[in-house]
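Heads up, the thing below is written out as structure tokens.
The values are calculated or read from the model by the stated rules, or taken from the named source; none is laboratory data. These numbers come from a predicted model, not from an experiment. A quick note on method: Cβ atoms are made from the backbone with ideal geometry, for glycine too, and the neighbour counts reach across all protein chains shown. We work out accessible area using only protein heavy atoms, side chains counted, and drop any ligands, DNA or RNA first. Shrake-Rupley method; radii C 1.70, N 1.55, O 1.52, S 1.80 Å.
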2 protein chains.
Amino acid sequence: MAPSDTRAKIIEAAMELFWLKGYGSTSIADILSRTQLNSGSLYHFFPGKQDVLVAVLEAYRDGIGPMLLEPAWGGEPDPVERVFKLLALYRGLILQTECSYGCPIGSLALELHEADPAVRERLAQNFQAWVAAVRACFEAASDRFPPDTDFQALAEFVLTVMEGGVMQARTHRDVGYFDRNVAQLRAHIDLLTGARVPAAA
Amino acid sequence: MAPSDTRAKIIEAAMELFWLKGYGSTSIADILSRTQLNSGSLYHFFPGKQDVLVAVLEAYRDGIGPMLLEPAWGGEPDPVERVFKLLALYRGLILQTECSYGCPIGSLALELHEADPAVRERLAQNFQAWVAAVRACFEAASDRFPPDTDFQALAEFVLTVMEGGVMQARTHRDVGYFDRNVAQLRAHIDLLTGARVPAAA
DNA sequence: TTGACACTTGATTGACCGTTCAACTAAGCT
DNA sequence: AGCTTAGTTGAACGGTCAATCAAGTGTCAA
């Protein structure tokens with residue numbers, strides 16, 4: 001094994017466990033048994049459990065582009081449609097998990113009530129990176145929107161719709177809640193753009 | 001002390017502690033020290049910790065009307081403005097807590113990933129009651145909306161905006177995130193109603 | 001060959017967890 | 001008075017937790 005795959009293995013395992021069970025309910029022993037490591041190895045690379053969380057949040061942040069946006073967008077050329085392709089990806093995750101999907105960042109953001117500044121900062125960075133990508137989509141289609149449109153606020157709104165839709169779909173175990181939220185967002189954006197056809201007059 | 005204030009005291013204390021620290025991070029010992037009770041008393045009324053949670057969720061559900069909606073609405077007569085009065089109430093809570101407010105139901109919904117059916121059912125009931133109240137507001141002003149409006153979906157969308165706005169405001173420690181989300185919702189509803197004046201032509 | 005260093009081993013620690021239970025108190029009934 | 005029962009007491013239990021650390025192993029460069 002290459003030197004210090006260990007660190008990467010820990011992060012990978014912790015990423016999945018934090019997503020599945022949350023931070024508080026994931027024990028160090030859980031991470032160790034999944035990685036086949038001993039506690040000493042983990043504590044050689046991380047001062048404590050919270051530092052594993054910080055590393056996981058940094059991995060999510062750095063993976064937003066290659067792991068989330070590119071698979072979501074595929075070949076979609078239209079920037080506004082890319083936003084809905086991204087939401088469609090989340091819909092797929094909801095279906096794959098039989099409506100128990102929870103956004104890893106959103107779940108951690110709500111779980112960590114009195115979060116350490118280092119943790120909260122990384123959570124905010126994740127949201128910021130996601131919102132920035134969506135905002136860039138809208139700005140690439142800025143000619144379709146009213147001239148005074150606040151694209152930052154609109155992108156934050158998309159994040160809200162995703163998080164709220166995911167939360168309700170899981171609580172009710174029904175993807176329809178997600179779909180109706182996305183439909184409302186679609187209606188809102190159609191009203192804003194006057195449903196101008198993407199590449200036509 | 002009246003007979004079995006005890007039960008109510010436990011629920012009251014657990015309500016606040018679950019909100020402040022979450023369910024998993026609140027220990028039975030926390031509840032006992034706050035109520036000045038001994039463990040035997042708690043276990044006389046509740047089979048276990050989860051049953052305290054169920055009772056708390058039922059208390060929230062039954063308190064939505066008198067504890068949340070009535071204070072929020074005050075004398076506001078216009079049904080659509082009542083929805084925004086409700087959102088304004090949440091804004092006040094965010095400010096009171098220095099942007100660390102989290103919706104108790106939303107937080108529990110995200111924390112309890114693999115929740116017992118009894119718990120998930122109560123969480124869903126809370127969302128349903130909240131959404132039903134908002135839907136009733138919109139339906140009371142149905143003449144302002146397009147005839148094919150899906151008021152249930154619109155009310156679910158309001159819940160999404162609240163939860164998403166609260167989540168982002170807390171993560172960034174900035175109420176502006178909540179405000180911008182509400183502003184987007186306001187714009188959406190204005191577009192739907194054509195901004196028809198409430199009690200005029 | 002030697003020594004330095006990176007990494008691993010895994011038993012152990014002490015704190016805290018939810019829960020149990022036998023003993024006790026107090027009030028109401030007959 | 002005696003009996004019943006709701007409610008309380010608080011020590012104790014077995015389990016799990018994050019974290020520790022002294023003793024190792026393997027791998028380099030000098």
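Shape analysis of chain B based on the Cα gyration tensor places the equivalent ellipsoid semi-axes at 36, 18, 15 Å, largest first.
When all protein chains stay in place and ligands, DNA and RNA are ignored, the 1.4 Å accessible-area order of B:GLU98, A:GLU16, A:GLU81, B:GLU12, largest first, is B:GLU98, B:GLU12, A:GLU16, A:GLU81. The C-alpha atoms of chain A define a longest principal axis, and helix A:176-193 lies at about 40 degrees to it.
Rounded, prolate or oblate: pick one for the stretch B:100-187, where a ≥ b ≥ c are the square roots of the eigenvalues of its C-alpha gyration tensor, a/c under 1.5 means rounded, and failing that, prolate if a/b is larger than b/c, else oblate. Oblate, since a/c reaches 1.5 and b/c is not below a/b. Summary of the geometry: the stretch A:94-161 and the stretch A:1-41, compared by the centres of their Cα atoms, lie 26 Å apart.
Within the assembled protein chains, the solvent-accessible surface assigned to A:ASP116 is about 60 Å², based on a 1.4 Å probe.
Quote the FRET efficiency, to the nearest 0.05, computed for B:ALA136 versus A:ASP150 with a Förster distance R0 of 35 Å and r equal to the Cβ-Cβ distance. Walk me through the numbers on the way to the answer.
Values: r = 31 Å, r/R0 = 0.89.
E(calc), rounded to 0.05, equals 0.65.
Axis angle, to the nearest 10 degrees, between helix B:5-21 and the longest C-alpha principal axis of chain B: 60 degrees. So how tilted is helix A:79-96 from the main axis of chain A? Cα-based, degrees 0 to 90, rounded to 10. In chain A, helix A:79-96 runs at an angle near 50 degrees to the longest axis. Restricting the stretch B:114-200 to GluC sites (Glu not before Pro) that sit in a DSSP loop and have at most 12 other Cβ atoms within 10 Å of their own Cβ leaves B:GLU114. Shortest first, B:SER27 label-point distances to identical copies amount to 1.5 nm, with the label point at 7 Å from Cα along Cα→Cβ.
Hull surface divided by four, with the convex hull built on the Cα atoms of the stretch B:23-93: how many nm²?
Working: hull surface 25.3 nm².
For the Cα atoms of the stretch B:23-93, the hull's average projected area reads 6.3 nm².
Counting only residues at least eight positions apart within a chain, or on another chain, the lysines with an alpha carbon under 21 Å from that of A:LYS21 are A:LYS9, A:LYS49, B:LYS21, B:LYS49. Rolled with a 1.4 Å probe across the full set of protein chains, the surface gives A:ASP51 an accessible area near 60 Å². What does the copy distance list look like for B:GLN96, label position 7 Å along Cα→Cβ, in nm and ordered from shortest? Result for B:GLN96, in nm, nearest copy first: 4.1. Between copies, the label points of B:GLU81, set 7 Å from Cα on the Cα→Cβ line, lie 4.4 nm apart, reported in increasing order to one decimal in nanometres.
For the protein assembly as shown, would you read off the P(r) tail past 36 Å as a percentage of all alpha carbon pairs? Numbers along the way, then the final one.
On the way: 22523 of 80601 pairs.
Cα-Cα pairs in the protein assembly as shown separated by more than 36 Å: 28 percent.
Measuring only protein heavy atoms, the 1.4 Å probe finds B:MET167 accessible over about 0 Å².
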